[in-house]
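A short worksheet on the structure shown next.
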Amino acid sequence: MTRKRKWTLRLVAVGMLAIGAICAWAAVNAPALRARYAAQKLTASTTDEERAKWADALVGYGEPGFRKLLECVKFANDPTRAAAVAALDRHLTALPEGDPRAITVAGLVLEAFDTAGEPGQRAIVGLLPTILKRTGSTHAARCREIVAVALQMPGADSRLAAVRLTLHPDINMRAELRPLLAAAEPEVRAAALFAAASLGEGDSLLGDEDLFKWLHDPDAGVRKICHDALVGRERSDAEIRLGWRLVHPDPVERLKLLIDLRYDDDVADPEPWLERLSRDPEPAVRAGSARVAVELAIARKLSSPAWVARIADADPHPAVRLVASYYRAQPTPHRHPIRPIGGQ
């Protein structure tokens, strides 16, 4: 065998080995290669149908496909992001109950949150209900972390989605809603109020008296939610009207309420309402509450409320202390304890 022939055989052998290695590499990396191609087609698509087609194709390529979809969620334009999110949602929803693949895919989605921009984070928040439904409490701790971030995001849509999630039993974050009750957007205030006022297994985040404040909200939708929440707690129309007046932003209206509590017989037990007015920010209202309470006690032959002594001794305004001290000195039967508004 000539030297030339030997070299030729060696080159052929090396070439065959190289081809074999390339083929082996291609076989191993075929899903990643296909995923890269599909991702390119997805981002280049110009119609919703095309985008849905290539997004669903990426789902079929396993983890490489999911990672490409999540890159689209994080960094692509809105139509491409929407197609990627829809494909992920369809895939998770279609998996059988208890399928471990749902846990894996959900983990990849949640992992992508921290490195996504605000639009991508908003999209991932939108996937949380499906993730919680398909994976139970497996990723609940991570979902709570994401909800906490979403409650502070600048976009109203993100905060609205997060508010709804606070009521999920595996999230249970109603206590985090307080800042959103003062949100600039009425739709956010309304959602936060609905969630905060809901009566769950534990105590409500907002008491009945706390709710009265939102009877004066500038938005009609927020006011309706507040009214409905009070009705759901079995507050009567009369009590709701009193509550509206109790926290009226105009102190003159609160002073008028004192006069009505003194002379009208519509309220069977005005003393709890007077006690609440004794903590009013307006000194004149606090002083008036002590006067009316004692006058009613004398007229009805009842004992003077104990809280009149509190005002007389500890009110920050000297004129209020003087008025309360004068009426505390009036002769009445024995004092009685403070009762809650509504007589409950």
- Task: Please list, ordered by first then second residue, the pairs with beta carbon atoms under 7 Å, 6 or more apart or interchain, first in the stretch 293-313 and touching a residue at least 40 places away in the same chain (Cβ under 8 Å) and over 10 Å from Arg328 (Cβ atoms), second open to solvent by 80 Å² or more (accessible area, probe 1.4 Å) and assigned to a helix (DSSP H, G or I).
- Result: none
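Would you confirm, using the coordinates I've provided, whether Leu127 is within 30 Å of Ala175 (Cβ to Cβ), touching a Ser or Thr at 6+ places or on another chain (Cβ under 9 Å) and of a type outside the set (Asp, Glu)?
no
Assess whether Thr166 counts as being polar (S, T, N, Q) and over 15 Å from Ala192 (Cα atoms). Give the steps one after another, and end with the answer.
Values: polar (S, T, N, Q): yes; over 15 Å from Ala192 (Cα atoms): no.
So Thr166 does not fit the description; no.
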- Where in the stretch 163-268 are there helices (runs of 4 or more DSSP H), lying fully within it, with 1 or more residues that are modelled with pLDDT of 90 or more and closer than 26 Å to Glu282 by Cα? 208-211, 220-232, 237-246, 251-263
- Candidate set from the stretch 224-259 (those that are under 13 Å from Phe212 (Cβ atoms) and basic (Lys, Arg)); member that is most open to solvent (accessible area, probe 1.4 Å): Arg241
- Item | Flag for Leu165 being within 22 Å of Ala82 (Cβ to Cβ) and buried (at least 16 other Cβ atoms within 10 Å of the Cβ) | yes
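Within the stretch 111-120, is there a residue that is open to solvent by less than 20 Å² (accessible area, probe 1.4 Å) and within 18 Å of Arg164 (Cβ to Cβ)? Let's see the steps before the verdict.
Here is the first cut: in the stretch 111-120, the ones open to solvent by less than 20 Å² (accessible area, probe 1.4 Å) are 112-113, 116, 120.
Now narrow it down to the ones that are within 18 Å of Arg164 (Cβ to Cβ): 113.
Among the residues of the stretch 111-120, at least one is open to solvent by less than 20 Å² (accessible area, probe 1.4 Å) and within 18 Å of Arg164 (Cβ to Cβ), which makes the answer yes.
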- Residues of the stretch 53-105 being aliphatic (A, V, I, L, M), outside any helix (DSSP H, G or I) and under 18 Å from Tyr37 (Cβ atoms), which ones? Ala76
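The values are calculated or read from the model by the stated rules, or taken from the named source; none is laboratory data. Source: prediction; values computed, not measured. When we count neighbours, we look across all protein chains shown, and the Cβ atoms used for this are built from the backbone with ideal geometry, even at glycine. Side chains included, ligands, DNA and RNA excluded: accessible areas come from the protein's heavy atoms. Shrake-Rupley method; radii C 1.70, N 1.55, O 1.52, S 1.80 Å.
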